[in-house]
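Chemist: Would you mind keeping the following structure in view while I ask a few things?
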Amino acid sequence: MTQKKEILTLLKEGRWKEAYYLQWQAEEKSYEIVSKEPTSSSDLKMAVDRERKIYQALYPLNIKAHSLDYPTHGIDQIVWILEAIIPSLFVIAIIFMLTQLFAERYQNNLDTAQLYPFSKVTFAMSSLGVGMSYVTVLFIGICGFSFLAGSLISGFGQLDYPYPIYSLTNQEVTIGKIQDVLFPSLLLAFLAFIVIVEVVYLIAYFFKQKMPVLFLSLIGIVGLLFGIQTIQPLQSIAHLIPFTYLRSVEILSGRLPKQIDNVDLNWSMGMVLLPCLIILLLVGILFIERWGSSRKKEDFNRS
């Protein structure tokens, strides 16, 4: 009790280094007790281990601790947005927007792309470019707004702020820097959105009407995105589902691979899978547009 009062006093006085040193020592003792207790669960041991390592990392920095669960700093806000908003509300809004954009091409069973004085391949490239531009602007916009809002409240934050990362391979918690999660997460999520643009385009090409396109896109993308939490067969192949990488912060922090016990779900796999899929889908789209255009010309010549 005396030590807790001393820690609180030091925190009130802004003597962060001294306070976190004492907190670190207290967590070390707690970890020793929990480790020796045979009834302690592995999750409890890991939680205590995480706390002691966080305070150990905070001690030399001599800064006030941030709340990563309820962030107020700019950098922390971006990470929170990537974890909580991007894979849920934001992706649903993007699917609505892309459905409207791509399905608008088909009016009363007529492909209006045929009415333009350029090829359907050119039209497809233009449509995909517009879709990707929308996604890019909105993605940068929401991340930029969250960073600005957090910065105005509590400041920019620090790129080297301690961030707990779970290693499924080593079965332990390590403390990295928040930048180790932030920048790779931004890239993974952005690449996943490019895949989504192409997938919605293909669904619109085959089904043409807005409601079926919207329904299938939501089921196929959002359903798979969250289905890995509860559907056992999906968990073993989660690393091969491109939409999983929208949950980039959970992947980079090791939490999602731990939850579904999939050691292959990681940054390296995402950086191989997503660019390859983007290229394959683009080639597929251009092929079917060219093939469809050639077939219509042949039908027209016969008639």
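Chemist: Sorted by average packing, counted as other Cβ atoms within 10 angstrom per residue and highest first, what order do 158-165, 209-216, 9-16 take?
Modeler: With the highest mean Cβ count within 10 Å placed first, the list reads 158-165, 209-216, 9-16.
Chemist: Report, in degrees rounded to the nearest 10, the 0 to 90 angle that the Cα long axis of helix 178-207 makes with the longest principal axis of the chain.
Modeler: On a 0 to 90 degree scale, this one is about 20.
Chemist: Turning to a different aspect of this structure: With an 8 Å cut-off on Cα pairs and a minimum separation of 6 or more residues, tell me the relative contact order of region 74-147 in percent.
Modeler: Taking the mean separation of contacting Cα pairs over the length of region 74-147, I get 58 percent.
Chemist: Let me ask something else about it. Using R₀ = 25 Å, calculate the FRET efficiency as 1/(1 + (r/R₀)^6) where r is the Cβ-Cβ separation of T112 and L218; round to 0.05.
Modeler: Values: r = 25 Å, r/R0 = 0.98.
Plugging the Cβ-Cβ distance into 1/(1 + (r/R0)^6) gives 0.55.
Chemist: Please work out the C-alpha center-to-center distance from region 58-127 to region 217-271 and express it in whole Å.
Modeler: 18
Chemist: Quick one: which residues, 5+ away or cross-chain, put their amide H under 5 Å from the amide H of T72? H built at 1.01 Å from N.
Modeler: Under 5 Å from the amide H of T72: S67.
Chemist: Less than 11 Å Cβ to Cβ from E104, Lys/Arg counted +1 and Asp/Glu -1: what total charge do the surrounding residues give? The partial results should precede the final answer.
Modeler: On the way: positive: R105, K208, K210; negative: none.
Charge balance near E104 sits at +3.
Chemist: Sort the following peptides by mean Cβ neighbour count (other Cβ atoms within 10 Å, averaged over residues), highest first: 227-235, 17-25.
Modeler: Working: 227-235: 14.4, 17-25: 18.9.
With the highest mean Cβ count within 10 Å placed first, the list reads 17-25, 227-235.
Chemist: While we're here: Determine the dipole magnitude for the chain: charges of +1 sit on the beta-carbon of Lys and Arg, -1 on that of Asp and Glu, nothing else is charged, the reference point is the Cα centre, and the result goes in debye to the nearest 20.
Modeler: 620
Chemist: Then there's this: Spelling out what I want: for every residue of region 26-41, take phi, set θ = phi - 60°, compute 6.51 cos²θ - 1.76 cosθ + 1.60 (Karplus), and round to whole Hz; glycine and proline get x.
Modeler: 5, 5, 4, 5, 4, 5, 4, 5, 5, 5, 7, 7, x, 8, 5, 6
Chemist: May I pose another question? Give the angle, between 0 and 90 degrees and rounded to the nearest 10, that separates the Cα long axis of helix 42-61 from the longest principal axis of the Cα atoms of the chain.
Modeler: 80
Chemist: If the chain were replaced by its equivalent ellipsoid, with semi-axes equal to the square roots of 5 times the Cα gyration tensor eigenvalues, what would those be, largest first, whole Å? The partial results should precede the final answer.
Modeler: Working: eigenvalues 478, 86, 37 Å².
Result for the chain: semi-axes of 49, 21, 14 Å.
Chemist: Can you put R255, R290 in order of Cβ neighbours within 10 angstrom, beginning with the fewest?
Modeler: Sorted ascending by nearby Cβ count, the order is R290, R255.
Chemist: With the cut-off at 25 Å, tell me which of the pairs K17/K53; K5/K64; K5/K258 have Cα atoms farther apart than that.
Modeler: K5/K258
Chemist: Helix 267-302 versus the longest principal axis of the chain: what is the Cα-based angle in degrees, 0 to 90, to the nearest 10?
Modeler: Once rounded, the angle reads 10 degrees.
Chemist: Among I153, F118, F183, whose Cα sits farthest toward the positive end of the charge dipole of the chain (+1 at Cβ of Lys/Arg, -1 at Cβ of Asp/Glu, about the Cα centre)?
Modeler: Of the listed residues, the answer is F118.
Chemist: Using only the Cα atoms, what convex hull volume per residue in Å³ does region 2-61 have? Provide the component values of the computation, followed by the final result.
Modeler: Details: hull volume 4.2 nm³, N = 60.
Taking only Cα atoms, region 2-61 has a hull volume of 70 Å³ per residue.
Chemist: Another question about this same structure. For region 168-175, what does the Karplus curve 6.51 cos²θ - 1.76 cosθ + 1.60, with θ = phi - 60°, yield as ³J(HN,Hα) per residue in whole Hz, taken in order and with x for Gly and Pro?
Modeler: For region 168-175, the Karplus-derived couplings read 5, 5, 8, 6, 8, 9, 10, 10 Hz, x marking Gly and Pro.
Chemist: Which order, highest average first, do 119-126, 71-78 follow once you tally other Cβ atoms within 10 Å for each residue and take the mean per peptide? It would help to have the intermediate numbers written out before the result.
Modeler: On the way: 119-126: 17.0, 71-78: 22.0.
Final packing ranking: 71-78, 119-126.
Chemist: Now for a separate question. Would you please give the residues with an amide H less than 5 Å from that of G176, counting only those at least 5 places away or on a separate chain, with H modeled from the backbone geometry?
Modeler: Y163, I165
Chemist: Could I ask something else about it? In whole Hz, what ³J(HN,Hα) sequence does region 148-162 give by Karplus (6.51, -1.76, 1.60; θ = phi - 60°), x for Gly and Pro?
Modeler: 5, 4, x, 5, 5, 7, 10, x, 5, x, 10, 5, 9, 5, x
Values quoted throughout were computed directly from the atomic coordinates according to the rules given, and no laboratory measurement underlies them. Note that this is a predicted model, so its numbers are computed, not measured. All Cβ positions, glycine included, derive from the backbone under ideal geometry; neighbour counts span all protein chains shown.
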